[in-house]
Amino acid sequence: MKNDCSHQCAGCNHTEPGAVVTTATPADPTRRSLLSWLLGGGVLASLCSFFYPVIRFLNPPYLSEASVNEVVAGKVQDLKPNSGKIVKFGNKPALLVRVNDTEWKAFSAVCTHLNCTVQYQDTSKQIWCACHNGTYDLNGRVVSGPPPKGLEEFAVRLRGDEVVISRRT
């Protein structure tokens, strides 16, 4: 009697006499998954190395202003009449101007337009911003150019032979 097997059964390993049995071996799954992990990790590391600096640039760290209310700007004899000098006031610059022998002025040296550093011009007796040619008078008010508002003014006192700049209260 002949066995009528259709070879459709699960787990059937019935073979006809004289048939050649071939078995297909699947690709090694551990090697393929290792290569996939390595390739994916390399792509992820590359993307992180590209986007990390961009994210850090777009989100700069918060720097609080140093709580400075008063600073010694130098000696009286260091600054001649009709001259100015930039001094450090906390983490921002300040502009100290000696108008004449007895009059001193001090302002924030940060332009109100684009945060450039301003400087005193002795020829015009004005404070000048080089970024867009903005000028301020010796009261800190805008004379010309694009600055939207005047400079913050500081108080100046003489303490012995030292010039002291402080915030106005």
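Of all residues in the range 56-115, those being within 17 Å of R159 (Cα to Cα) and in contact with a Gly (Cβ under 6 Å, 6 or more places away or on another chain) number 1.
Close contacts from the range 75-95, counting a first residue that is among the polar types (S, T, N, Q) and a second that is surrounded by 15 or more Cβ atoms within 10 Å (Cβ to Cβ), with Cβ to Cβ under 6 Å and a gap of 6+ residues or different chains, come to S83/R98. Taking the criterion of being within 17 Å of T117 (Cα to Cα), outside any strand (DSSP E or B) and among the small types (G, A, S), the residues of the range 140-169 that qualify are G140, G145, G150.
Any read-out appearing in this document is the output of simple, stated calculations on the displayed coordinates, not a laboratory observation. Quantities reported herein were computed from a predicted structural model and do not represent experimental measurements. Here Cβ is always computed from backbone atoms with ideal geometry, including for glycine, and neighbour counts include all displayed protein chains.
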